[in-house]
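This report concerns only the one structure given below.
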Amino acid sequence: MKLNCDMGESFGTWTKGMDAEVMPYIDMASIACGFHASDPLTMDHTVKLALAQNVTIGAHPGYPDLLGFGRRDMDCRPDELKAILVYQMAALNGICQVHGTSISYVKPHGALYNRMMVDNTTLSVVMSAVRSYAPQCPLVVMATPDWQQVKDRADEYGIEVWFEAFSDRAYSDEGRLVKRSVRGAVHETTEAIEAQVTQIIQDGTVTSISGKRIPIKADTICIHGDSYHAVDAARHMRQVVEAL
């Protein structure tokens, strides 16, 4: 089971996350591409951090929403959204190429990520963008009970998908993430995070916020590097994953 983390989400003089401290404990770094967060220098710095730790680099594109950190939904025409995605993938990949590497997967961010999991038109545009620019890159999507439908659609576009579960987010009874505005949507203790990760790996299920057990298929688990206990949680999750 691979651990992934969203990174490179600082912007200018504004700092978010503890990238350097968390990087040694993860396998995959999903690096922001400048639209919801990041800037060219931040991307360059984060790519170098990932390379120094032999961490796989992925593009983490989002809606053009710096003020809302990409967490606000936006209505974009399909051709507009595809161009937005290609632009961001290419920007990060250009920086990667300067350092002798390239992006290895694509994981959309925030509101775009959530929307593609409930809106087939958006999902199709995202898949089309990946196929057009980086057909060798798997698309990271949320691990949900209806994973087979997503895989079938990806097969139609000729791309691979990796299914992602979350270590520190609560799930609804439908197998989706509980909105952050809901109390209990984010697990605050390493004990709760460990319990969820162990259940995902050993049982292939998560327990929803109401207590329902939900089957999910996961290839990678996301940890967040911007919480107050991010480093301790990342270190602990590394130990848990290696022990299971």
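Considering only protein heavy atoms and a probe of 1.4 Å, how much of the accessible area of segment 89-140 is carbon and sulfur, as a whole percent?
Roughly 47 percent, rounded to a whole number.
Counting Lys and Arg as +1 and Asp and Glu as -1, each charge on the Cβ, what is the dipole of segment 2-243 about the Cα centre in debye, to the nearest 20?
Dipole size: approximately 200 debye.
Grab the beta carbon distance between ILE201 and ASP152, set R0 = 25 Å, and tell me the FRET efficiency rounded to 0.05.
Working: r = 25 Å, r/R0 = 1.00.
Efficiency, from the Cβ-Cβ distance: 0.50.
Roughly to the nearest percent, how much of the accessible area of segment 1-65 is carbon and sulfur, given a 1.4 Å probe?
On the way: 1350 of 2450 Å².
Heavy-atom surface of segment 1-65 belonging to carbon and sulfur, 1.4 Å probe: 55 percent.
Packing-wise, with mean Cβ within 10 Å as the measure, how do 101-107, 230-236, 63-69 rank, highest first? Each step should come with its number before you reach the end.
Values: 101-107: 20.9, 230-236: 19.1, 63-69: 16.3.
My ranking of the peptides, most packed first, is 101-107, 230-236, 63-69.
At what distance in nm do the modelled label points of ASP73 and GLU160 sit from each other, each positioned 7 Å from its Cα along Cα→Cβ?
About 3.2 nm, to one decimal.
Let me have the relative contact order for segment 6-60, percent, based on Cα pairs under 8 Å that are six or more residues apart. Don't jump to the answer; show the numbers that get you there.
On the way: 85 pairs, mean separation 23.6, N = 55.
Result for segment 6-60 is 43 percent.
Would you mind getting the accessible area per residue of segment 20-166, heavy atoms of the protein chains only, 1.4 Å probe, in Å²?
Value returned for segment 20-166: 41 Å² of accessible area per residue.
Name the most mobile residue of GLY58, GLY94, GLY225, meaning the one with the largest mean-square fluctuation, in a Gaussian network model of the chain with Cα contacts below 10 Å.
The residue that fluctuates most here is GLY94.
Distance from the Cα centre of segment 23-49 to that of segment 153-177, in angstrom?
After rounding, the separation between the Cα centres reads 22 Å.
With the contact rule set at Cα under 8 Å and sequence spacing of 6 or more, what percent relative contact order holds for segment 2-243?
Working: 470 pairs, mean separation 46.6, N = 242.
Relative contact order, segment 2-243: 19 percent.
The values are calculated or read from the model by the stated rules, or taken from the named source; none is laboratory data. Computed from a prediction, not measured in an experiment: that's the story for all the values here. Please note: Cβ atoms are built from the backbone with ideal geometry, for glycine as well, and neighbour counts cover all protein chains shown. When the accessible area is computed, the model is the full protein with side chains, heavy atoms only, and any ligands, DNA or RNA have been set aside. Shrake-Rupley method; radii C 1.70, N 1.55, O 1.52, S 1.80 Å.
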